[in-house]
Amino acid sequence: MATSFPASRDKSTPRTPARGNARQWAPVAVVLCGVLLAVSTLVAWVLATSPVDEPAPPAATRIDHRLAARLATPGDTLVTAGADGVARLWDGHSDHLAGSLPGDHGAITAVAFDPAGDTLVTAGADGVARVFDAHTTKLVRSLPGGHGAINAVTFNAAGDTLVTAGADGVTRIWDGHSDRLVRSLPGGHGAIDAVAFNSAGDTLVTAGEDGTARIWDGHSDRLVRSLPGGHGAINAVAYNPAGDTLVTAGEDGTARIWDGHSDRLVRTLPGGHGAINAVAYNGLLQAAPAPAEPEPTDYGWQTGPGPSSSPLPVSDTVVTAGEDGVVRVWDAHSERLVRTLPGSDAPIYALAFNPAGDTLVTGGADGVVRFWDGHGDRLVRSLPGGHGAVYTLAFNAAGDTLVTAGDDGVTRVWDGHSGQPVRTLAGGPGAVNAVTFNATGDTLVTAGQDGVTRIWDGHSDRLVRTLPGGHDAVNAVAFNPAGDTLVTAGRDGVTRVWDGHGDRLVRSLPGGHGSVRAVTFNATGDTLVTAGEDGATRIWDGHSDRLVRTLPGGHGAIDAVAVNAAGDTIATAGEDGSTRVWDGHSDRLVRTLPGGSGAVEAVVFNSVTR
């Protein structure tokens, strides 16, 4: 069992706080020919950012990697358009340029095919929507859009209605077979950035800079209802195929899922730092059921009975968390993000599964310890962790005891099932950076800023002995599975290997340049892994002081390491925001998992087999 050290406590390498950048708008849109019908699981992408002094183009251009894509059938034509004002038609199965459609003045910011795939509409900065024959590339007609850019265009499912909207805040409804303006829908304050029909075509949603999504009767100009979008503009909207679910997303970084027949907010999906600029459904999977509404309890809040999410995979699930406050659950054998668990806006420093693998616990800068159902995304309870941040936490082997510690220097012992407080253990001056139990749970070790490692009786508050840690803070501690070896490491860059009873220093292992921030053993105890400020992960023979190999990191320190139960996979994470998954028997990098904004401070496997 091991703990990883939150880098924010390592005074030897102060970290520059993460700063949000202004948005970068990428003025290119790509559409694959045909009908967007096969859709049912939401995918929301949080897009890139750039300097604030660059004028922000319309929302339709806010696409990651300078692309927007719509997959449809027959899918044999690809259209790209962007800043040069030219729409290019490509063979969808090759790199052959089939033709070009000139615009007029300025960028093209929105494109759409009709459902039959024989009409293409482009629109952009000059405020004109151009209707082309998709087979001959002939310009059929031009539709004026009002004052300013057109940001969004869409057809209804029948193809007989075209909608355009943009900077002037007006949504225009056109006959899809002519240039006749049928009606105009007023917006709110500011531009309209997104429009969408439901599959039946009887409901239209518009949204934009005023942060409100407006639901309109698709056959008239009657406003049915308005949905609030949070703080800032709504950049994207989408219906599922059945039309009973609507998704809105925007500047506040949250995707909101609404009941498509009412104004009821069903659930929210967090993004990372910054705006969400695009949302889409695909047709491969069903969206996870909504968690039940939280109810207050004596120790925070707890969800009541209700539909549960599909179980988390228990064979090598890897969980990461860090400065953006989001817990990400990954399939360890692929780059697939299984789900995200919202924490708070505060960084998360510590993660731990109980031994059964059915409970995940998180702790961080807001001082709250959160219990999550290990089978899904349900928050079970929240516990106050003390004054200041929670930096470390650990379960004993039986899973009936949880220990948390952090900035206030107090180690708190909780009932691992109920969350009731059991006792507190006073440390020395300064924060507690690391806690761990031995394999039997009868020994608890705590260590921190005062450089002293304290060994406690695991069933009481009795201090058994103290171990000196060198000349600076201790950042990480770990027992081997047999419990006969204890490892401590810290800011002086030395990893110390102790007799499991803590009464004899066996050897010291050099750690490279700077502090050691994380240590852990594999399940058999024959491999020890250390990592830290110099960005390298060192693999040691667990029975000697022999360095077996070194794994390179990325840019910056490594703050967390974990080994799966089989011992064949190692995960490392740190200041560059990425989690690297390595083959445990070699130095081969298997895959890299992206994080959010800022460092990844904690990583843990759930390798329980049932």
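The values are calculated or read from the model by the stated rules, or taken from the named source; none is laboratory data. Because the structure is predicted, anything quoted here is derived from the model rather than measured. Note: ideal-geometry Cβ built from the backbone for every residue, glycine included; neighbour counts use all protein chains shown. For the accessible areas, the whole protein counts, side chains as well, though only heavy atoms, and no ligand, DNA or RNA atoms are used. Shrake-Rupley method; radii C 1.70, N 1.55, O 1.52, S 1.80 Å.
Some notes on this structure:
- Candidates Asp168, Asp193, filtered to the one that is closer than 27 Å to Ala81 by Cβ and touching a His at 6+ places or on another chain (Cβ under 6 Å): Asp168
Here is a yes/no grid of residues against (1) over 22 Å from the mean Cα position of the chain (by Cα); (2) modelled with pLDDT under 90:
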position: Gly357; (1), (2): no, yes
position: Asp366; (1), (2): no, no
position: Asp373; (1), (2): no, yes
position: Arg378; (1), (2): no, yes
position: Gly385; (1), (2): yes, yes
position: Gly388; (1), (2): yes, yes
position: Phe395; (1), (2): yes, no
position: Thr401; (1), (2): yes, no
position: Thr404; (1), (2): yes, no
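- Within region 170-185, residues that are more than 11 Å from Thr206 (Cβ to Cβ) and among the aromatic types (Phe, Trp, Tyr) have Cβ atoms under 9 Å from residues that are open to solvent by 10 Å² or more (accessible area, probe 1.4 Å) and not in a loop (DSSP other than H, G, I, E, B) in these pairs: Trp174/Thr161; Trp174/Leu181; Trp174/Val182, counting only partners at least 6 apart in sequence or on another chain.
- Scanning region 382-420 for residues that are surrounded by fewer than 22 Cβ atoms within 10 Å (Cβ to Cβ), out of contact with any Pro (no Cβ under 8 Å at 6 or more places or on another chain) and closer than 17 Å to Val474 by Cα returns Asp408, Val410.
- Meets criteria (basic (Lys, Arg) and at pLDDT 90 or above) for Arg130: yes
Rundown of residues vs (1) at pLDDT 90 or above; (2) within 19 Å of Glu323 (Cα to Cα); (3) in contact with a Cys (Cβ under 6 Å, 6 or more places away or on another chain), yes/no style:
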{"residue": "Thr530", "(1), (2), (3)": "yes, no, no"}
{"residue": "Gly542", "(1), (2), (3)": "no, no, no"}
{"residue": "Leu551", "(1), (2), (3)": "no, no, no"}
{"residue": "His555", "(1), (2), (3)": "no, yes, no"}
{"residue": "Ile558", "(1), (2), (3)": "yes, yes, no"}
{"residue": "Val561", "(1), (2), (3)": "yes, yes, no"}
{"residue": "Asn564", "(1), (2), (3)": "no, no, no"}
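- Within region 464-488, the set of residues being open to solvent by 40 Å² or more (accessible area, probe 1.4 Å), assigned to a loop (DSSP other than H, G, I, E, B) and among the hydrophobic types (A, V, I, L, M, F, W, C) comprises Ala482 only.
- The numbered conditions (1) touching a residue at least 24 places away in the same chain (Cβ under 8 Å); (2) out of contact with any Lys or Arg (no Cβ under 8 Å at 6 or more places or on another chain) are all true for Asp545 except (2).
- Being under 20 Å from Gly190 (Cα atoms), modelled with pLDDT of 85 or more and hydrophobic (A, V, I, L, M, F, W, C) is a property that does not hold for Val247.
For every residue, the table says whether it meets (1) in contact with a strand residue (DSSP E or B) (Cβ under 7 Å, 6 or more places away or on another chain); (2) of a type outside the set (Val, Ile, Thr); (3) closer than 20 Å to Ala125 by Cα.
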| site | (1), (2), (3) |
| --- | --- |
| Gly145 | yes, yes, yes |
| Asn151 | yes, yes, yes |
| Gly159 | no, yes, no |
| Asp175 | yes, yes, no |
| Val195 | yes, no, yes |
| Gly211 | yes, yes, no |
| Gly218 | yes, yes, no |
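- So Gly430, is it surrounded by fewer than 19 Cβ atoms within 10 Å (Cβ to Cβ) and touching a residue at least 24 places away in the same chain (Cβ under 8 Å): yes
- Within region 505-525, the residues that satisfy the criterion of being open to solvent by less than 50 Å² (accessible area, probe 1.4 Å) and of a type in the set (S, T, N, Q) are Ser515, Thr520, Asn522.
- One residue from Gly448, Gly500, Gly483, Gly441 being touching a Leu at 6+ places or on another chain (Cβ under 7 Å) and closer than 25 Å to Arg423 by Cα: Gly500
- Residue check for Gly502: at positive phi and surrounded by fewer than 20 Cβ atoms within 10 Å (Cβ to Cβ): yes
- Residue match in region 550-567 (condition: in contact with a helix residue (DSSP H, G or I) (Cβ under 8 Å, 6 or more places away or on another chain) and buried (at least 22 other Cβ atoms within 10 Å of the Cβ)): yes
- Meets criteria (free of Cβ contacts under 8 Å to residues at least 40 places away in the same chain and closer than 18 Å to Arg130 by Cα) for Asp160: yes
- Residue tally, condition within 24 Å of Val494 (Cα to Cα) and either free of Cβ contacts under 8 Å to residues at least 40 places away in the same chain or open to solvent by less than 10 Å² (accessible area, probe 1.4 Å) (or both), over region 433-455: 16
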